[in-house]
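The values are calculated or read from the model by the stated rules, or taken from the named source; none is laboratory data. Quick caveat: nothing in here was measured; it's all calculated off a predicted structure. Note: ideal-geometry Cβ built from the backbone for every residue, glycine included; neighbour counts use all protein chains shown. Calculation scope for accessible area: heavy atoms of the full protein, side chains included, ligands and nucleic acids excluded. Shrake-Rupley method; radii C 1.70, N 1.55, O 1.52, S 1.80 Å.
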Amino acid sequence: MSPLAQLPPVLLEWYDRCARTLPWRSDPTPYHVWVSEIMLQQTRVAAAMEYYLRFLQALPDVQALASCPEDRLMKLWQGLGYYSRARSLQKAAKQIVEEFAGEFPQELEAIRSLAGVGDYTAGAIASIAFGQAAPAVDGNVLRVVSRLTDDHRSVGEPKVKREITAAVQKVIPLDRAGDFNQALMELGALICLPNGDPLCSQCPARDFCLGRQAGTARALPVKPAKKPRKIQRRNVYLIVYHDRVAIRRRPSRGLLAGLWEFPNEPAPWPCPVEGQREPAGEGKHVFTHIEWRMEAFLVKAFHSRLPEGWVWAGREELESVYTIPSAFGAFLPTVERELNRAQG
């Protein structure tokens, strides 16, 4: 019997004993599962938990999400990053309202048709929320299966991923499809760890894992080489006037689309607002394909005139209205200090 075929009973027994208690598992409605899966893309469980609870308190169902003003939605998402995920969520919510009469679709292909929903997310929703025997193969699962079967093919190749997905589908227990998919993800998150030694002694599959037997587990999965990120140096201006700071909205398309930011451009870029200027530190933010290396300057403006489209924002507005992405998080303490000082 293949290692993958041997996995379901021991994996589910381990999952029943060791699974983390998570809010979307305690109440796995389609909406809850969907929101959690989108949040967990590019975000660790521990980091996403607080945001998930806050998000559901503000937007408890599809209808509330579909009708939420965009600035409010971005504020709820602030800190999670990859804001296009939130926009796709809302676009899909509007699809559900308009195309499915407000009811979350149950068929796998219908789920897959929603904005921002790929094969993995569709499989997760179909299996966890609706009990369908649909595979949900993400990076965790690719790693587990590659090690379990000692597969040295590159998981970056679409053909390899399709074949692993098909192999997983064949062993999904029909009566516990959602639990099995979650157990595979959990095993990858807690035991079959990336970027280092897996915790093989704690793994329920240790007796039949081919990667462990061959001593190759740490080297798997095989991934394509990453392209080097482009480095871009930017000047960031923290322009304050009394108890307000200047911000502007980014373009509606592209990086950090539609969010508010402290004025910045590739260096060298002169500040368009006259004022007393002093260094305010450096910061770095890594995006998927580009890395910003930022040099900030505090500018105490001589007047309140701003370029078209820029606005003055006070401390309360920064906290409750305007969404400043975490790319500029290194400079927020300086801004808060200056605004507090101005307020006395």
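For the reader, a short list of remarks on this structure follows.
- Filter result (within 18 Å of Arg25 (Cα to Cα) and either modelled with pLDDT under 95 or open to solvent by less than 50 Å² (accessible area, probe 1.4 Å) (or both)) within the stretch 158-178: Ala177, Gly178
- Among the conditions (1) free of Cβ contacts under 8 Å to residues at least 12 places away in the same chain; (2) open to solvent by 80 Å² or more (accessible area, probe 1.4 Å); (3) closer than 28 Å to Ala205 by Cα, Glu99 misses just one, which is (3).
- Every condition in (1) touching a strand residue (DSSP E or B) at 6+ places or on another chain (Cβ under 6 Å); (2) within 22 Å of Glu336 (Cα to Cα) is met by His303 except one, and the failing one is (1).
- Residue check for Phe302: under 18 Å from Val240 (Cα atoms), open to solvent by 20 Å² or more (accessible area, probe 1.4 Å) and in contact (Cβ under 8 Å) with a residue 24 or more places away in the chain: yes
- Leu184 vs. criteria at pLDDT 95 or above, touching an Asp or Glu at 6+ places or on another chain (Cβ under 7 Å) and over 22 Å from Ala225 (Cβ atoms): no
- Each residue in the stretch 135-157 was checked for being surrounded by fewer than 24 Cβ atoms within 10 Å (Cβ to Cβ) and part of a loop (DSSP other than H, G, I, E, B), and 8 of them qualify.
- Scanning the stretch 313-332 for residues that are within 24 Å of Pro268 (Cα to Cα), open to solvent by 20 Å² or more (accessible area, probe 1.4 Å) and not polar (S, T, N, Q) yields a total of 3.
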